[in-house]
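The values are calculated or read from the model by the stated rules, or taken from the named source; none is laboratory data. On a predicted model such as this, the values are computed, not experimentally measured, just so you know. FYI the Cβ positions are ideal-geometry reconstructions off the backbone, even for glycines, and counts take in every protein chain you see. Note: accessible area is taken over every heavy atom of the protein model, side chains too, but ligands, DNA and RNA are not part of it. Shrake-Rupley method; radii C 1.70, N 1.55, O 1.52, S 1.80 Å.
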Amino acid sequence: MSSATDIPPNQKARAMSRSLILGGMLAGIMLILALVSFVWTPFDHAVMNIPDKMQPPNAVHWLGTDHFGRDILSMVMVGARTSLAVACLSVGIGMSLGVPLGLAAAAMRGSWLDEMIMRGNDLVFAFPSLVIAILITAVFGPSAANAIIAIGIFNIPVFARVARGGSLSLWAREFILAARVAGKSRARISVEHILPNISNLLIVQGTIQFSLGILAEASLSYIGLGAQPPTPSWGRMLAEAQTMVSLAPHLAIVPGLAIILTVVGLNLLGDGLRDRFDPRLLEGRA
Amino acid sequence: MLHYLAKRILSLCLSLAIASMVIFAVIEVAPGDPASFMLGTGAQEDTVAALREELGLNQSKLSRYFSWVTGMVTGDFGTSYTYRTPVAKMVGDRLWVSLPLALYALILSTLIALPAGIFAASRRGKLGDMSVMGATQVGMAVPNFWFAMLLVLVFAINLRWFAAGGFIGWDKGLWAGLHALTLPAIALALPQAAILARVMRSALLDVLNEDFMRSARAKGLSQGQAIRRHGVRNALIPVLTIIGLQFSFLLAGAIIIEQVFYLPGLGRLVFQAISARDLIVVESVVMLLVFAVIMVNFLVDLTYALVDPRLRRTP
């Protein structure tokens with residue numbers, strides 16, 4: 001929430017690079033772990049090995065084993081796939097529906113369409129992702145797909161607002177006026193001129209929603225409304241660890257840290273990107 | 001102001017009406033017949049038909065929607081398919097856990113966030129500011145249910161200062177009730193406090209650049225005095241808005257935390273209802289949560305308009 005005027009631009013630019021690098025590294029590590037898990041994990045994440053159950057971190061099982069003797073590092077790696085996939089797809093749903101709505105609302109500012117889209121947004125905002133998930137689960141049953149839909153629906157008004165807010169000021173600019181004089185339709189101007197100019201805003205918001213998506217997926221899986229067995233998920237690992245936390249704290253600590261590191265990484269990345277795209281800071285760096 | 005108020009009330013009613021239609025429509029899509037579900041697979045057809053009649057399931061969808069909505073308005077939420085008790089009573093009993101929990105968390109979050117935000121803003125760019133901002137960065141990333149598990153491990157299992165779960169009820173006294181809700185409230189408050197501290201810091205930094213702050217310094221007040229007397233008061237407007245909005249999210253968030261502490265709140269009720277396919281309970285709880293969010297947004301808008309007259313003129 002820091003404003004660009006708080007700190008001198010050069011100092012802020014340095015801090016920006018740091019958050020961009022650190023955030024990129026943390027998020028990158030998690031992404032690599034998820035991708036590597038497709039071809040390699042230290043152990044098979046689904047294979048139970050009861051004699052080795054509840055082992056603390058050691059040379060063989062680097063992050064220990066759970067109550068079924070499954071390797072926690074392998075489960076965290078495969079769980080990263082679920083978390084990142086759910087967050088990515090829900091951001092995709094939010095962006096692909098929210099951005100066109102926001103662009104249309106801005107292009108038709110003040111019209112009944114604008115009013116309808118914005119009131120619709122307000123309405124969807126009244127349904128927190130957890131509430132949407134409860135509704136969907138009550139009807140269709142719990143699954144990772146329903147978690148994606150629930151978080152995705154929650155993301156739609158967020159992107160619609162960002163797209164509309166970013167577009168409104170652009171519609172008053174000379175180059176848009178020139179395009180209108182050239183006879184381009186509002187829809188074409190929105191796609192060819194407005195969208196490229198708000199892409200930075202959308203990327204930053206996308207990063208923030210991605211990190212919120214990771215948290216939401218973990219919460220939904222924890223309460224049983226997200227990924228179902230045998231799909232590994234960080235939230236479900238925490239749910240399973242809950243009754244054993246006093247006997248083997250690492251069962252809860254490891255997936256929790258995985259969530260925190262990913263979310264901190266994405267938040268730092270979002271902060272860094274926002275500052276990088278901030279024209280006031282670009283002037284400061286020049 | 002009256003025109004603004006009328007417009008906002010109309011918008012509020014419209015939002016509630018559409019939200020109720022959406023919830024009703026989604027629940028209607030659910031496969032299966034509630035009457036057959038309640039009576040089990042061995043039930044005779046005429047018994048099922050009688051129960052369908054009793055529950056009003058033979059009526060048209062439109063009349064069922066209107067009877068549900070008018071029932072909700074008059075406090076009659078229908079009868080639970082599973083427990084055969086009034087849903088309003090079930091929800092009312094659970095609200096006595098969820099609502100105080102959300103309020104307790106809101107108070108804790110405010111008590112932590114405001115001093116932290118003010119401290120960070122008054123030391124902008126220095127170590128204190130960076131420490132607070134770093135802590136809020138982590139605070140926003142911590143899943144509240146995970147933090148709750150750690151609190152149980154440390155304060156309930158190891159130190160034995162609190163119970164690991166359950167709620168003894170308000171009959172044992174206010175203190176005992178609050179004591180039981182302390183760990184859940186702390187877990188719920190942490191991420192909200194992190195967000196609120198950042199908002200407070202940001203709002204105060206904006207105010208610090210205002211002319212009246214320079215005037216306050218010019219008339220001889222120290223930086224600390226100027227912040228306390230003029231800065232904080234002016235920065236509180238956006239912060240109060242966020243506090244209001246956070247309440248509805250705390251109420252929804254309480255649903256998850258209740259699972260960690262086995263609290264008999266709305267969360268437990270709704271999950272039991274989902275697994276028992278007691279859809280009328282799910283429908284009512286979801287409507288109640290959405291009502292809370294819409295109502296809080298309405299009140300926040302109204303308060304904002306009272307504080308800032310320019311907003312009343314905004315179309």
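Say whether the condition of being modelled with pLDDT of 85 or more and either within 31 Å of the chain's Cα centre (by Cα) or surrounded by 15 or more Cβ atoms within 10 Å (Cβ to Cβ) (or both) is met by at least one residue in the range B:26-45. Looking for residues that are modelled with pLDDT of 85 or more and either within 31 Å of the chain's Cα centre (by Cα) or surrounded by 15 or more Cβ atoms within 10 Å (Cβ to Cβ) (or both), one finds at least one in the range B:26-45, hence yes. Identification of helices (runs of 4 or more DSSP H) wholly contained in the range B:1-91 with 3 or more residues that are touching a residue at least 60 places away in the same chain (Cβ under 8 Å) yields B:2-29. Of the listed requirements (1) within 30 Å of residue B:170 (Cβ to Cβ); (2) open to solvent by less than 60 Å² (accessible area, probe 1.4 Å); (3) out of contact with any helix residue (DSSP H, G or I) (no Cβ under 6 Å at 6 or more places or on another chain), residue B:17 misses just one: (1).
Taking the criterion of being more than 7 Å from every other protein chain (Cβ to nearest Cβ) and open to solvent by 10 Å² or more (accessible area, probe 1.4 Å), the residues of the range B:278-296 that qualify are B:280, B:283, B:287, B:288, B:291, B:292, B:295, B:296. The listed residues are B:51, B:12, and the only one of them that is modelled with pLDDT of 80 or more, within 22 Å of the chain's Cα centre (by Cα) and more than 19 Å from residue B:275 (Cα to Cα) turns out to be B:12. Residues in the range B:257-270 that are out of contact with any Pro (no Cβ under 9 Å at 6 or more places or on another chain) and either among the aliphatic types (A, V, I, L, M) or at the interface with chain A (Cβ under 7 Å from one of its Cβ atoms) (or both): B:259, B:266, B:269, B:270.
Of all positions in the range A:112-129, at least one carries a residue that is crowded, with 23+ Cβ neighbours inside 10 Å, within 20 Å of the chain's Cα centre (by Cα) and part of a helix (DSSP H, G or I). Given B:275, B:215, which one is open to solvent by 60 Å² or more (accessible area, probe 1.4 Å) and closer than 25 Å to residue A:235 by Cβ? Only one candidate qualifies: B:275. Looking only at residues that are within 23 Å of the chain's Cα centre (by Cα) and over 25 Å from residue A:220 (Cα atoms) in the range B:139-175, which one is least open to solvent (accessible area, probe 1.4 Å)? Per the criteria, the residue is B:169. Looking at the range A:32-50 only, could you name the residues that are hydrophobic (A, V, I, L, M, F, W, C), open to solvent by less than 90 Å² (accessible area, probe 1.4 Å) and closer than 21 Å to residue A:214 by Cα? Correct list: A:33, A:34, A:36. Checking each residue in the range A:244-266 for being among the β-branched types (Val, Ile, Thr) and within 10 Å of chain B (Cβ to nearest Cβ) picks out A:245, A:253, A:259, A:260, A:262, A:263, A:264.
Within the range A:245-254, the set of residues being open to solvent by less than 10 Å² (accessible area, probe 1.4 Å) and under 19 Å from residue B:190 (Cα atoms) comprises just one member, A:252. Could you tell me whether residue A:149 is in contact with a strand residue (DSSP E or B) (Cβ under 7 Å, 6 or more places away or on another chain) and touching a residue at least 12 places away in the same chain (Cβ under 8 Å)? No: the conditions fail for residue A:149.
Entry remark, the range A:185-206: residues being surrounded by fewer than 21 Cβ atoms within 10 Å (Cβ to Cβ) and among the polar types (S, T, N, Q) number 4 in total.
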